[in-house]
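Encoded as structure tokens, the structure appears first; notes follow it.
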Amino acid sequence: MFSLPLKKIMQQVKDPTLIKRIGERIRALRKKHQLTQLELAVKMDNHAEQIGRIERGELNVSICTLHKIAQCFQLEIHELLRLED
């Protein structure tokens, strides 16, 4: 069915610019709510290091993680993903 292994196909799907913009949005929301990376991580039962990687655009975030982040800011996922042009 696929000529490339599925893992290789998924790597090609990544959009570094989009991942970076999502991270910037999360950082802006965190700062707006006056939370440290550690405080946000504790609220979502995660690690501060992962929050840092997300904010720097180093991590392609799962939909489940986005859902947890959105809940911390009392937002729906689509509101979290509302990116400025």
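Numerical summary
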quantity: Additional length obtainable on full extension of the chain from Leu18 to Arg53, 0.36 nm per residue less Cα span; calculated: 11.2 nm
quantity: Overall form of region 18-57 per C-alpha gyration tensor (a/c, 1.5; a/b vs b/c); calculated: oblate
quantity: Proxy reagent accessibility, fewest Cβ within 10 Å first, across Thr65, Thr17; calculated: Thr17, Thr65
quantity: Within straight-line cross-link reach of Lys14, lysines at Cα separation under 23 Å, skipping those fewer than 8 residues along the same chain; calculated: Lys68
quantity: In Hz, Karplus ³J(HN,Hα) per residue of region 31-43 (6.51, -1.76, 1.60; θ = phi - 60°; x = Gly, Pro); calculated: 5, 4, 8, 6, 10, 7, 4, 5, 4, 5, 4, 5, 4
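Bear in mind these aren't lab numbers, they're just calculated from the coordinates by the rules spelled out. Keep in mind it's a predicted model, so treat the numbers as computed, not measured. Backbone-built Cβ (ideal geometry, glycine too); neighbour counts: all protein chains shown.
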